[in-house]
Amino acid sequence: MRNMANYLVSLLLGLLIILSVAGLPVEIFGYTKVFAVFSVAGISLIIVLLSTIAMKKKIKITQLNIFYFLFLSFYLIDFSSLNNLWNIGFLCLLSLFVAICLLQHIHYTIIFKCSLCATVLLTSWGYMQYFQYIPSNSEHFLLTGPFHNPAVLAIMLSLLLGIVLNSIILFYNLLIKNKSFLILVVIIVIFCMPLFILTNARAAYLALFISILYSLYLRFGVGRKKAIYLIGLLPLILISIGILYKLKPQSADGRLLVWKISCKMIQDKPLTGFGKGGFAANYLYYQADYMRSFASPAERDLAGSTHLAFNEPLRITVEYGVIGLIIYSLFVVWLLFLSPNKKSICILFKSLLIGIVTWGMFGYPDQVFSVQTLWVVAIACYLNKIYGSIYKHSTSNHIFPKIVIVVMCCASGVLSVKLWNKWTVYHELYICLKTHTIQQSSHYSNMLTLLRREITNDISVSYLYCQLSRIEHQKADFFYMSSFLEEHFPTPGLLIMKGDYLKEIGKWKEAEEAYKLASDMMPSLQIPRGKLAFLYNEIGRKEEAITIARNILTEDVKVYGFDTFNLHRDLNRIFEDELK
């Protein structure tokens, strides 16, 4: 029974990796960002229940286990909103972390084969988008896979390819015994690499490169050769970063601008930071202040509507202060460089983790649930492998395992109910929005009830509620939600919508302030300045309106879409005589 449970748990762990990139379930609101939350969390809870059968007979708690559990808890969870879908998903991952640490045996061969399947699945999805057999999930990018952004597709491919390539490096002597399987693995790598290159994602390239070098270093480096190896790697890495910068210099400059403004946030709260979610809640206000005061023309053109730091240590410093950065650094340094275990399977887990850490220097791993899944699973499997090797604290009391089983079962039950409740809401929202436009949805009987239940738990749901309350002219609800979003997730689009409503009800001054703030947040965005021109024209400030209109119509446009076309058409029509 126990052996069967071990086998089944290993199979489910492999299935969990596949589901993290499978794009299922589809019929949920905002599926490209949250599908992995539902699928991974559901499988995680099943694994937790099965682990109560397959756990070790003698449970040992180590200081290391406690430290990692606490670190992941504060890293993943926003304790101010535990009913948030992502927090429920992260709580499921934490339960999975505990379960994996306590497993008696894990069949890593099964997990590796499932990782191969996930790699092929994700690559096939990308090829089908590239050759336009299936649509992309973004109007701006051709390749996204099941995700909303090509960067997420790229990093998941990078991490999965890292597992495959590093397995060849570390387990070549075993793989060569089954040549047909080794040939299959090589064919899969050859099949996947062209699509990975087509993603044009520099950070993902670097993550795979560093992961392989790290694996080679731990596998073959010894003594004095390690020092020579490290010295030789440094210029190679620097040259690689320089080459990757040249691929998309404007994008890199945009990230440098984000980091520059983020440093000003750190100066204001250096020790404790702004708290979980504090970067997204405050960054655009700091960017608006910087654009008003210090920005060069090039920086004004680069500034975008972002809530991402594109650097995990920087985000952690903004949200948790220098104290948080020190703890994160200790976590990474011990795990990757000071941990004593040199077994091949442990090196494989660590190479996966360094890939995530590397991408975190330029990306946003905390915002990608699939990446967090691999992060938690890799750490838990690593701890399971070195279990009891350091800081042993025996728990010979036979009652303790029973307590652990009861706690895990209770936690799984509670989280299952919460996850099911979320599923019903997100599924019904999907059905409603699929069969109705946003304007029609405001008359759908259950829509506003569903949204009111979720408005403080999900930013995308809150934004939808704000739009619907605006359409329905529910003044109190609209201003309550707009204030909530301005505090937690401000965007130029939100401020434009608020300005439009304020203008409708005759609050000219407040509307002007909203449009100006939206423009300061993203100076290259023409819509808020166009709205400002229309407002000034209506209230008699003709000269200011004409000046703004002339600037908009004569400047270069960063992204020319239908909104920009309509804006230019309306400006030319309204100010036709003045602009001659």
Only unsatisfied item for Ile106, checking (1) surrounded by 17 or more Cβ atoms within 10 Å (Cβ to Cβ); (2) outside any loop (DSSP other than H, G, I, E, B), is (2)
Taking the stretch 396-430 and keeping only residues that are assigned to a helix (DSSP H, G or I) and either touching an Asp or Glu at 6+ places or on another chain (Cβ under 7 Å) or of a type in the set (S, T, N, Q) (or both), one is left with Ser412, Ser416, Asn421, Thr424, Val425, His427, Tyr430
Among residues of the stretch 23-38 being surrounded by fewer than 23 Cβ atoms within 10 Å (Cβ to Cβ) and over 13 Å from Tyr430 (Cα atoms), the residue nearest to the chain's Cα centre (by Cα) is Lys33
Exactly one of Gly145, Gly126 is in a helix (DSSP H, G or I), under 20 Å from the mean Cα position of the chain (by Cα) and at pLDDT 95 or above, and that residue is Gly126
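Conditions (1) assigned to a helix (DSSP H, G or I); (2) of a type outside the set (Asp, Glu); (3) free of Cβ contacts under 8 Å to residues at least 60 places away in the same chain; (4) surrounded by fewer than 24 Cβ atoms within 10 Å (Cβ to Cβ), marked per residue:
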{"site": "Leu335", "(1), (2), (3), (4)": "yes, yes, yes, yes"}
{"site": "Ile347", "(1), (2), (3), (4)": "yes, yes, no, yes"}
{"site": "Ser351", "(1), (2), (3), (4)": "yes, yes, no, no"}
{"site": "Gly355", "(1), (2), (3), (4)": "yes, yes, no, no"}
{"site": "Ala378", "(1), (2), (3), (4)": "yes, yes, yes, yes"}
For the stretch 517-552 the number of residues that are of a type in the set (Lys, Arg) and more than 33 Å from the chain's Cα centre (by Cα) is 3
Worksheet item: Is there a residue in the stretch 496-509 that is among the aliphatic types (A, V, I, L, M), in the same structural domain as Tyr560 (by TED's automatic domain parsing), at pLDDT 90 or above and outside any helix (DSSP H, G or I)?
Response: yes
For the stretch 289-331, the count of residues that are aromatic (Phe, Trp, Tyr) and either not in a helix (DSSP H, G or I) or not assigned by TED's automatic domain parsing to the domain that holds Gly277 (or both) equals 2
Of the residues in the stretch 169-188, those that are without any contact (Cβ under 8 Å) to a residue 60 or more places away in the chain and buried (at least 16 other Cβ atoms within 10 Å of the Cβ) number 3
Scanning the stretch 1-35 residue by residue, the ones that are assigned to a loop (DSSP other than H, G, I, E, B) and within 14 Å of Cys92 (Cβ to Cβ) total 1
Exactly one of Tyr480, Tyr444 is farther than 25 Å from Leu302 by Cβ, out of contact with any Gly (no Cβ under 9 Å at 6 or more places or on another chain), outside any helix (DSSP H, G or I) and modelled with pLDDT under 95, and that residue is Tyr444
- Query: assigned to a loop (DSSP other than H, G, I, E, B), crowded, with 19+ Cβ neighbours inside 10 Å and assigned by TED's automatic domain parsing to the domain that holds His473: does that describe Pro528?
  - Reply: no
From the option list Phe534, Phe489, Phe562, Phe484, single residue qualifying as without any contact (Cβ under 8 Å) to a residue 60 or more places away in the chain, buried (at least 17 other Cβ atoms within 10 Å of the Cβ) and either of a type in the set (A, V, I, L, M, F, W, C) or touching a helix residue (DSSP H, G or I) at 6+ places or on another chain (Cβ under 9 Å) (or both) is Phe534
All-but-one check, Ser460 against (1) touching a Gly at 6+ places or on another chain (Cβ under 6 Å); (2) crowded, with 19+ Cβ neighbours inside 10 Å; (3) within 28 Å of Trp423 (Cα to Cα), failing number (2)
Residue set Phe90, Phe79, Phe38, Phe112; condition in a helix (DSSP H, G or I) and over 27 Å from Cys192 (Cβ atoms); output residue Phe90
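The values are calculated or read from the model by the stated rules, or taken from the named source; none is laboratory data. On a predicted model such as this, the values are computed, not experimentally measured, just so you know. A quick note on method: Cβ atoms are made from the backbone with ideal geometry, for glycine too, and the neighbour counts reach across all protein chains shown.
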